[in-house]
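Working notes, structure below.
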Amino acid sequence: MTRIQKIITLWGLVLAGFLAHNMADLLPIFWAVDVAVEHAEEAPVGMMAFMAIITYTLPAVGIATTMYGRGRGATLVNLILAAVMALFNVLHDGGELIMAFNPVQVFVLPFVLCFSILLAVESFKWYKEMGAE
């Protein structure tokens, strides 16, 4: 498997992990349990937009940059996006697993964190390879 294939696969796994993370929060609906946030008067639009950008747009841009970007600039953009994703996942996992512990997320979030760290490492290697050429 080439480095580019690894990076695209890892971006896809991170994206799939976020989808699984969201679906896991909705699983109680099957048992007629209310999943709404308590005491929420309205949806935090800014937070929802931020989460959509981080969890869906960032991986899509990372995949597009990896597939269609050429040169050292594309590898740098991919590296920055991968580093942001890894940092976000470290912070998000810490908050989710410590402050709002949900046993179902124990099986999802650590995988997303591992995939995002591997993504950052592979992206760094790709960036370094492009500099050597």
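Any read-out appearing in this document is the output of simple, stated calculations on the displayed coordinates, not a laboratory observation. Small disclaimer: the values here were computed from a predicted structure and weren't measured. Backbone-built Cβ (ideal geometry, glycine too); neighbour counts: all protein chains shown.
Taking the Cα centre of the chain as the origin, how large is its charge dipole in debye, to the nearest 20, when only Lys and Arg (+1) and Asp and Glu (-1) carry charge on their Cβ atoms?
Details: 6 positive and 10 negative charges, 184 e Å.
Its charge dipole is roughly 880 debye.
May I ask you to compute the full-extension gain from F111 to I53, defined as 0.36 nm times their residue separation minus their alpha-carbon distance, rounded to one decimal in nm?
Details: separation 58, 0.36 × 58 = 20.88 nm, distance 2.02 nm.
So the chain would gain 18.9 nm between F111 and I53.
So what is the relative contact order of the chain, in percent, for Cα pairs below 8 Å that sit 6 or more residues apart? Intermediate results must be reported in sequence, preceding the final value.
On the way: 103 pairs, mean separation 52.6, N = 133.
With pairs under 8 Å counted, the relative contact order is 40 percent.
Expressed in nm to one decimal, what extension gain is obtained for the pair F30 and M1 from 0.36 nm per residue of sequence separation less their Cα-Cα distance? The partial results should precede the final answer.
Working: separation 29, 0.36 × 29 = 10.44 nm, distance 3.96 nm.
Separation in residues times 0.36 nm, less the Cα-Cα distance, equals 6.5 nm.
Counting helices only, and only those DSSP H runs with n ≥ 4, report the 222 nm mean residue ellipticity of the chain as the sum of -39,500 (n - 2.57) divided by its residues, in deg cm²/dmol to the nearest 500. It would help to have the intermediate numbers written out before the result.
On the way: 5 runs with 91 residues, N = 133.
Mean residue ellipticity, 222 nm, calculated: -23000 deg cm²/dmol.
Could you derive backbone 3J(HN,Hα) for region 81-95 from the dihedral phi with the Karplus parameters 6.51, -1.76 and 1.60 (θ = phi - 60°), listing whole Hz in sequence and x where the residue is Gly or Pro?
Rounded to whole hertz, the list is 4, 5, 5, 4, 5, 5, 4, 4, 5, 4, 5, 5, 4, x, x.
Give a residue-ordered list of calculated ³J(HN,Hα) values for region 20-29 (Karplus: 6.51 cos²θ - 1.76 cosθ + 1.60, θ = phi - 60°; whole Hz; x for Gly, Pro).
5, 4, 5, 5, 4, 5, 9, 3, x, 4
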